[in-house]
Amino acid sequence: MNDGLTDLYQEVILDHSRNPRNFGPSENADRTARGNNPLCGDRVTVFLNLDGDEISDAQFDARGCAISLASASMMTEMIKGKSIEDAKALFEKFLALVTGENGLEAGPDLAELKTLSGVKDFPTRIKCATLAWQAMVAALDGTDQDVKTE
Amino acid sequence: MASNPENAVLTPSFDVERIRQDFPILSQQVYDKPLVYFDSGASAQKPRAVIDAISNVYETEYANVHRGVHYMSQKATDAMESSRESVRAFINASDVREIIFVRGATEGINLVASCWGRQNLVAGDEIILSVMEHHSNIVPWQMIAEQTGAVIKVVPISDEGVLDMDAYNDLLCDKTKIVAMTHISNALGTITPMAEIIRMAHERGALVLVDGCQAAPHMALDMQALDADFYVFSGHKIYGPSGIGVLYGKAALLEAMPPYQGGGEMIDVVTFEKTTYADLPFKFEAGTPHIAGAIGMGAAIEYISGIGLENIAAHENDLLDYGTEKLSGINSLKLVGTAPEKAAILSFVLETVHPHDVGTILDREGIAVRTGHHCAQPVMDRFDIAATIRASIGMYNTREEIDVLVAGLGRVQEIFGR
Ligand SMILES: Cc1ncc(COP(=O)(O)O)c(C=O)c1O
């Protein structure tokens with residue numbers, strides 16, 4: 001049956017949602033930001049450590065759906081070791097991927113994140129995929145305001 | 001209210017297939033599958049009678065109301081006032097002046113909290129709510145409490161979702177000025193013992209506002225027997241249009257309250273020195289109202305009344321029992337809200353799959369359910385969950401649709417069981 005559901009819920013995604021990487025609160029993060037999805041009550045907190053301009057560690061704590069957990073889990077793996085600028089650039093690419101925007105070439109550096117491209121066919125779920133990323137950007141910008149999906 | 005499936009005798013006059021024909025949207029396909037609409041608790045679909053009534057207003061009898069000498073204005077005014085009379089009869093209020101048209105339940109509650117609250121609440125007074133209120137019956141009270149220094153007290157519920165009447169009794173005291181409580185919980189389906197709640201409050205000299213949003217489509221209402229001081233509900237949940245709803249209030253209370261908004265229609269004489277206000281119900285209806293909405297809601301009430309709320313309730317209770325039985329048979333599924341007195345709501349969680357994911361998968365099967373906190377975060381916290389999946393039942397749902405829902409949940413297990 002091709003209704004997009006098996007594209008959306010690929011095994012990699014289920015695996016990340018069941019065994020999220022870099023999961024749990026961090027006591028000694030340099031930067032922290034929370035994201036909130038008032039529509040479904042999902043919450044995510046992103047913890048970052050910085051070494052100069054480089055993200056030396058990333059962790060997250062969350063209550064959420066498979067899409068948001070998988071996205072956050074992959075994100076923490078991907079941004080570790082990246083510069084602030086590169087991490088933000090990755091978010092832009094990821095955003096283009098999940099919103100299905102043309103013009104931006106997804107590129108090889110999205111790696112495993114590409115498994116989340118199925119989200120583009122489920123507009124109500126885009127916010128689930130981007131919540132942790134928005135929190136990450138807020139943490140990098142040092143805005144202590146919680147990010148909301150609205 | 002839920003009866004055992006074996007004694008559920010449906011009156012022959014209730015023919016769900018015939019009723020389904022009255023709702024054009026039910027023949028829609030979504031993702032090439034028949035629409036299975038289990039979200040009437042959020043907003044009900046509209047029968048042809050309502051759709052026709054609304055287009056008929058605009059095609060044959062539309063003008064502004066209460067202010068024209070001309071033919072069309074008179075026709076529109078008559079139609080709107082005849083809707084007000086339909087509402088009065090629907091809830092058996094004693095006086096049509098007690099029926100205030102508002103935008104919906106939310107505006108009705110805000111009106112009472114603001115107009116009655118500003119006049120009657122002082123620091124230290126107590127407002128009693130329940131933990132299972134919709135946000136619209138929490139936030140307006142928090143706002144007025146902040147302004148006046150009144151304090152909010154919250155009645156807890158049991159693990160089944162039954163209101164703790166002992167705790168309620170203990171909370172009631174001389175400081176209690178108003179009790180604002182739901183008649184049926186939108187998140188759990190619990191029916192509260194409203195007559196008893198009101199009797200106990202009145203014994204302590206407190207007023208009661210009832211949030212009847214979920215009750216109005218599912219049970220016959222009688223304001224005189226219930227003795228509610230205020231009662232609110234929304235048109236869109238009783239198969240009528242959105243943007244229109246009802247505030248019922250006892251005439252003496254409404255008369256003593258200051259107006260809500262100022263403007264046209266709510267005045268008697270206006271000079272810059274002094275303005276006197278119109279009589280009920282117009283004192284609370286400033287500005288041009290939702291004319292077609294009020295008329296559409298009247299048509300919805302006539303439609304429901306023609307079928308009979310007893311017949312609707314019997315059919316829905318049969319589905320509730322059938323659905324409860326079927327869902328209980330799913331291993332990893334837990335029903336949230338299992339009160340013995342319950343109506344129209346099947347709220348549940350799956351052990352390993354988040355409600356949002358369940359909602360997406362069901363959606364692709366053509367099944368519309370609500371997932372989330374249902375604007376009732378305190379009750380979600382009470383059960384220590386973030387969200388549930390809620391299938392809410394309307395008069396047009398069928399046992400076959402429950403089977404489709406159960407099969408859809410099978411697909412969820414299949415996808416997540418890999
Ligand atoms: C119990 C309850 N109260 C209040 C409301 C608010 O109704 P409305 O949004 O129509 O004003 C709802 C609707 O979701 C409800 O279910």
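What distance in nm separates the simple spin-label points at residue B:352 and residue A:3, each placed 7 Å from Cα in the Cβ direction?
My value for the distance between the label points is 2.1 nm.
Among the DSSP beta bridges whose two residues both lie in chain B, what percent are antiparallel, rounded to the nearest 5?
Of those bridges, close to 60 percent are antiparallel.
In chain A, which whole DSSP H runs stretch at least 18 Å along their own axis (Cα) and average -0.5 or higher on the Kyte-Doolittle scale?
A:66-79, A:84-99, A:126-141
Could you sort the residues of region B:324-359 by number and keep only those whose accessible area is reduced by 40 Å² or more in the all-protein-chain setting relative to the chain alone, 1.4 Å probe?
Those are B:354, B:356, B:357, which lose 40 Å² or more relative to the chain on its own.
If you roll a 1.4 angstrom probe over the protein chains with everything in place, what fraction of the accessible area of region A:1-116 belongs to carbon and sulfur, to the nearest %?
The computed percentage sits at 45.
When you look at the Cβ of every residue in B:374-386, what mean number of other chain Cβ atoms sits within 10 Å?
1
Using Cα centres only, tell me the gap between region A:43-107 and region B:291-335 in whole Å.
Here the answer is 45 Å between Cα centres.
What value, in deg cm²/dmol to 500, does the helix sum -39500 (n - 2.57) over DSSP H runs of n ≥ 4 give at 222 nm once divided by the residues of chain B?
-11500 deg cm²/dmol
Hey, what's region A:4-119 come to in accessible area per residue, 1.4 Å probe, Å²?
For region A:4-119, the solvent-accessible area averages 43 Å² per residue.
Do any trypsin sites (Lys or Arg not before Pro) in region B:35-114 lie in a loop, going by DSSP, with at most 13 other beta-carbon atoms within 10 Å of their beta carbon, and if so which?
Those that pass, being in a loop and sparsely packed, are B:67.
If packing is taken as the average count of other Cβ atoms within 10 Å, what order do B:163-173, B:31-41 fall into, highest mean first?
B:31-41, B:163-173
Counting only heavy atoms of protein chains, what accessible area per residue, in Å², does region B:56-185 have with a probe of 1.4 Å?
So region B:56-185 comes to 42 Å² accessible per residue, rounded to a whole number.
Might you work out the accessible area of residue B:310 for me, using a 1.4 Å probe with all protein chains in place, and round it to the nearest 10 Å²?
120 Å²
Could you compute the net charge surrounding residue B:43? Neighbours are other residues with a C-beta less than 12 Å from the C-beta of residue B:43; K and R count +1, D and E count -1.
That works out to +2.
Stretch residue A:141-residue A:19 to full length: gain in nm at 0.36 nm per residue minus the Cα-Cα span?
Gain on extension, residue A:141 to residue A:19, equals 41.1 nm.
Which whole number gives the average, over all residues in B:360-373, of C-beta atoms from other chains lying within 10 Å of the residue C-beta?
The per-residue average across the peptide is 3.
Checking buried surface per residue: for region A:1-20, which residues lose a minimum of 30 Å² accessible area in the protein assembly relative to the chain alone (1.4 Å probe)?
Output list: A:1, A:3, A:5, A:6, A:9, A:11, A:14, A:18.
Where does each of B:50-59, B:244-253 land if you order them by average Cβ count within 10 Å, highest first?
Those peptides, ordered most packed to least, come out B:244-253, B:50-59.
Just from its helices, what would the mean residue ellipticity at 222 nm be for chain A, if runs of 4 or more DSSP H residues each count -39500 (n - 2.57) and the sum is divided by every residue, rounded to the nearest 500 deg cm²/dmol?
Value at 222 nm, helices only, nearest 500: -12000 deg cm²/dmol.
Report the label-to-label distance for residue A:114 and residue B:403 in nanometres (one decimal), using points 7 Å from each Cα along the Cα→Cβ vector.
Distance between the two pseudo-spin positions: 4.4 nm.
Over region B:260-340, what percent of the accessible surface lies on carbon and sulfur atoms, probe 1.4 Å?
Taking all protein chains in place, region B:260-340 shows 53 percent carbon and sulfur surface.
Using a probe radius of 1.4 Å on protein heavy atoms only, what is the accessible area buried between chains B and A, both sides summed, to the nearest 100 Å²?
The contact between A and B buries close to 1800 Å².
Go through region A:34-50 and flag every residue whose accessible area shrinks by 40 Å² or more with all protein chains in place compared to the isolated chain (probe 1.4 Å).
Checking the loss per residue gives A:40.
Ordering B:71, B:239, B:277, B:322 by how much accessible area each has at a 1.4 Å probe, largest first, what is the list?
The ranking, largest first, comes out as B:71, B:277, B:322, B:239.
The values are calculated or read from the model by the stated rules, or taken from the named source; none is laboratory data. Remember, it's a predicted structure, so these values are computed and weren't measured experimentally. Heads up, the Cβs are rebuilt from the backbone with ideal geometry, glycines too, and the neighbour counts pull from every protein chain shown. These accessible areas exclude ligands, DNA and RNA; they are computed on the full protein's heavy atoms, side chains included. Shrake-Rupley method; radii C 1.70, N 1.55, O 1.52, S 1.80 Å.
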